[in-house]
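Contents: one structure, followed by commentary.
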Amino acid sequence: MGVEIIIKIAAIGLLTAIIGQILKQTGREEISTIATLAGLILVIIMVLNLIGELFTTFNNLFKF
Amino acid sequence: MDIIIRIVAIGLITCLATLIVKPVRSDFAIFIAIAGGLVILFLVLGYVSDIFDTFRSIISATGVSSDLYKILIKIIGIGYLIEFAVGVCTDTGNSSLGDKILLGGKIVIMVMALPIVTNILQIIMGLLPS
């Protein structure tokens, strides 16, 4: 929990961009789209987990 | 002092990561910004409970009813949460949606603050000579 999640998301972004480019150059358009979509969904799940954690923390903190 | 260095470092790293990723994939830059904001928020939220504990001891010393204090704490929590959501909406380019969240937060806070208003009115009515 910390700076590593930011680096992780940036790395996934760069990686999916590279993979998408390579797949596009080799002529596999549909697989490139799916790979890009998979990276996006992975990042969305990570961010949603963080937001869920935020909501639980807020609930515990301001419950009384 | 340690915590502020960590907050500044995480903020700068988030900025740099957003700058690097934005030309390649602009949709990921938004997620990096959101994650960075959340990480900074998590770093600070632990200290908020310390502040509330201190406030609670002060309130219990003054003898004011603890119901009012609970409402106050909840209003502060709503304020922080709304602030974060509006920031995310504005970052992603939906500033009008952010304004609507802001309006919703204001109305919810107003509804939650109504018991305080009636309490004040009751005190004033009690002070008036009948």
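Only residues that are more than 7 Å from chain A (Cβ to nearest Cβ) and in contact with a Gly (Cβ under 8 Å, 6 or more places away or on another chain) were counted across the stretch B:20-30, and they come to 1. For the residues B:Ala85, B:Ala61, B:Ala33, B:Ala17, the requirement of being more than 20 Å from the chain's Cα centre (by Cα), at the interface with another protein chain (Cβ under 10 Å from one of its Cβ atoms) and part of a helix (DSSP H, G or I) singles out B:Ala17.
Yes or no, residue by residue, for (1) of a type outside the set (Lys, Arg); (2) assigned to a helix (DSSP H, G or I); (3) at pLDDT 90 or above; (4) in the same structural domain as B:Val88 (by TED's automatic domain parsing):
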residue	(1), (2), (3), (4)
B:Ala29	yes, yes, no, no
B:Val39	yes, yes, yes, no
B:Gly46	yes, yes, no, no
B:Arg56	no, yes, no, no
B:Lys70	no, yes, no, yes
B:Ile73	yes, yes, no, yes
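Could you list, ordered by first residue, the pairs with Cβ atoms under 7 Å in which the first is in the stretch A:47-64 and charged (D, E, K, R) and the second is at pLDDT below 90 and in a helix (DSSP H, G or I), at least 6 apart or interchain? Listed by first residue and then by second, the contacts come to nothing, as the list is empty.
Within the option set A:Ile12, A:Ile41, being surrounded by fewer than 12 Cβ atoms within 10 Å (Cβ to Cβ), more than 20 Å from B:Phe42 (Cα to Cα) and either β-branched (Val, Ile, Thr) or at the interface with chain B (Cβ under 7 Å from one of its Cβ atoms) (or both) holds for one residue only, A:Ile41.
In the stretch B:1-24, of all residues being surrounded by 15 or more Cβ atoms within 10 Å (Cβ to Cβ) and modelled with pLDDT under 90, the one that is nearest to B:Asp91 (Cα to Cα) corresponds to B:Lys22.
When the stretch A:22-33 is filtered for residues that are surrounded by fewer than 13 Cβ atoms within 10 Å (Cβ to Cβ) and in a helix (DSSP H, G or I), the ones remaining, listed by number, are A:Ile22, A:Gln25, A:Glu29, A:Glu30.
The values are calculated or read from the model by the stated rules, or taken from the named source; none is laboratory data. Nothing here was measured: the structure is a model prediction, and the numbers come from that model. Neighbour counts are summed over all protein chains in view; Cβ atoms, including those assigned to glycine, are modelled from backbone coordinates with ideal geometry.
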